[in-house]
Every structure is written in structure tokens, then in C-alpha cells.
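Step one of this worksheet: look at the structure below.
No value in this document is a laboratory result; all are computed from the given coordinates. Please read all numbers here as calculations on a predicted model, not as lab measurements. Backbone-built Cβ (ideal geometry, glycine too); neighbour counts: all protein chains shown.
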Amino acid sequence: MKIWKALFEGQTITCMGCGASLSESIHGLCRRCASNIPWLSELKCRICGRDMDCPDCAGIRRQGFICNRSAVRYEEPIIDWMARYKYRGDEQLSALFGDLLQLAWKRLTHDIPKLRGLPVAVTYIPLSQERAMERGFNQTEQMAQRLSSLQGFKVFELLKRVRHTEKQSFKSRTERAESLKHVFGLNREEAGRLYHWASKQKKQPVIVMIDDIYTTGSTLREASNVVRGSIPLPIFCLTAARS
């Protein structure tokens with residue numbers, strides 16, 4: 001509807017992926033860009049949501065979340081779009097990645113039908129103060145807000161970064177896990193707000209934790225363990241992309 005209204009008013013609508021003019025869009029993309037999205041196909045790992053054999057999850061002993069679901073593989077053009085969004089400040093892409101989270105949610109409720117109709121509390125991976133000042137926004141917060149507006153979920157800022165870490169992109173699996181130890185703390189004021197909200201629900205709520213990319217799962221494991229240490233609610237994870 002916004003596309004047609006803008007066209008009627010003489011505005012130029014462009015594809016978020018390539019910048020081409022649009023007469024119609026799919027998640028804000030032209031048909032060519034939409035057709036290049038590397039959708040995740042049949043899942044092989046029911047825990048992390050990978051579409052290939054995954055030896056990693058079987059060896060994990062302590063994990064606060066039940067499972068993760070993603071919408072796409074972390075390949076081009078997703079890599080380029082995510083870099084534009086996170087590092088070059090192209091915040092219009094928050095709508096696209098929020099829509100991908102909604103597709104991941106639909107996949108999760110397809111796999112676990114009992115989640116349908118349950119109250120959902122959404123939280124997200126926080127940035128350190130240094131990283132937030134550098135970027136000017138938190139992409140996971142924006143994506144969480146987009147998903148929540150589409151689904152009518154309640155958002156809670158349950159986590160805070162208690163120390164800054166360097167970028168995880170080039171670290172090994174072991175280095176990621178080590179660098180993320182004790183990096184998150186519980187936001188007790190928001191936890192109290194969650195308890196108050198949960199007490200008014202007719203069914204037990206679930207927590208959905210949002211991150212942009214699932215690589216090794218170290219970030220989500222550390223974050224969910226912190227939440228589960230104080231809040232005894234089931235945690236599921238949604239990420240736009242699976243590396």
C-alpha cells in the first residue's frame with residue numbers, strides 16, 4: 001500500500017538491495033534482488049537451524065535456549081546488505097531484516113506448533129556503549145522492534161553489556177566463546193517489568209531472543225544462560241541469517 005501511495009504522490013521508490021526504481025516490491029526489494037536471496041532450505045539441525053549436517057550442537061552441554069531458527073543463509077547478497085546496515089548506517093534495511101525475522105518465527109512455529117498463541121516476550125543482544133556510540137543504533141534492537149510490531153509481541157531490554165569486546169567476525173570458535181564469557185548482565189529493572197507482565201498472562205510466556213547472525217551460537221548461548229539464571233521461562237532464538 002505504501003508503494004502505491006508514494007507512486008500516486010509522485011515519489012520515487014527504490015529497491016533496498018540495488019537502488020533500482022520500483023513499481024512493486026517484495027520485502028522492499030525488486031524481483032531480481034528478491035530472487036537472489038539464499039533462503040534456508042530443509043533443516044538438518046533442529047537445534048541451531050542449519051541446513052547441513054551440524055556436529056557442533058551435539059557436544060554442547062550447557063545452553064540456555066531451546067533452539068534457533070533463521071530465514072536465510074549468510075551468503076551474498078545478505079552479507080553485503082548486512083554490512084551496509086550495520087557498518088554503513090543504512091537503517092532502511094531494518095525493515096528487510098525484521099521481515100526475515102518474521103519468516104524465521106513462522107518457521108519456528110511450524111516446527112513447534114505449541115508455541116502458537118503463547119504470550120511472547122522479545123529481547124535482543126545489546127551493544128556495548130562503545131559500539132553503540134560508533135554505530136548510532138543497535139541493529140538487533142531495531143529488528144526486534146520490527147518483528148514485535150508485526151506480531152504484536154512485547155519487547156524487554158533484558159540484557160546489558162558489562163564489558164566491551166572486539167568484533168567477533170575473525171575469531172575462531174574457541175576465541176569467540178572465551179571472549180564472550182561474563183560479557184552480559186541482567187537488566188534487573190526490565191526483568192521486574194517482565195515478571196509483572198508475565199503474571200498477568202493466562203498462559204506461560206516464552207522468551208524470544210533476537211540476534212542478526214547465528215555463526216557459532218556463542219553469543220546466544222552466553223546471553224540466554226544469563227537470562228535463564230534469573231528468569232525460568234523457555235527461551236527460543238531467532239536470527240535473520242545462519243552462517
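Against the longest alpha carbon principal axis of the chain, how many degrees, from 0 to 90 and to the nearest 10, is the axis of helix 218-228 turned? On a 0 to 90 degree scale, this one is about 60. Which pairs break 32 Å Cα to Cα here: Lys106/Lys202; Lys44/Lys200; Lys86/Lys202; Lys44/Lys86? Check vs 32 Å cut-off fails for Lys44/Lys200; Lys86/Lys202. Here the relative contact order of the range 38-242, from alpha carbon pairs under 8 Å that lie six or more residues apart, stands at 30 percent.
Considering only the Cα atoms of the chain, their convex hull presents on average a projected area of 14.0 nm². Against the chain, whose longest principal axis comes from its Cα atoms, helix 93-111 is set at around 60 degrees.
For the range 39-50, the Karplus equation 6.51 cos²θ - 1.76 cosθ + 1.60, evaluated at θ = phi - 60°, returns couplings of 4, 6, 9, 4, 7, 9, 9, 7, 8, 8, x, 6 Hz by residue, with Gly and Pro reported as x. Annotation: amide H-H contacts under 5 Å for Val122 (H modelled 1.01 Å from N, sequence separation of 5 or more, or interchain): Lys154, Val155, Phe156, Val208.
Considering only Ile112, Asn138, Ile37, the residue lying farthest towards the positive end of the dipole of the chain is Ile112, judged by Cα position with unit charges set on Cβ. Remark: spin-label model distance Ser128-Trp197 equals 2.8 nm, labels positioned 7 Å along the Cα→Cβ axis.
Positive contributions from Lys and Arg (+1) and negative ones from Asp and Glu (-1), summed over other residues with Cβ under 9 Å from the Cβ of Leu43, come out at +2.
In deg cm²/dmol and to the nearest 500, what is the mean residue ellipticity at 222 nm of the chain if only DSSP H runs of at least 4 residues count, each as -39500 (n - 2.57), divided by the residue total?
One gets -11000 deg cm²/dmol as the mean residue ellipticity at 222 nm.
Magnitude of the charge dipole for the range 5-126, about its Cα centre and with charges confined to Cβ atoms of Lys, Arg (+1) and Asp, Glu (-1), is about 480 debye. Charges were assigned to the Cβ only: +1 to each Lys and Arg, -1 to each Asp and Glu. The resulting dipole of the chain about its Cα centre is roughly 840 debye.
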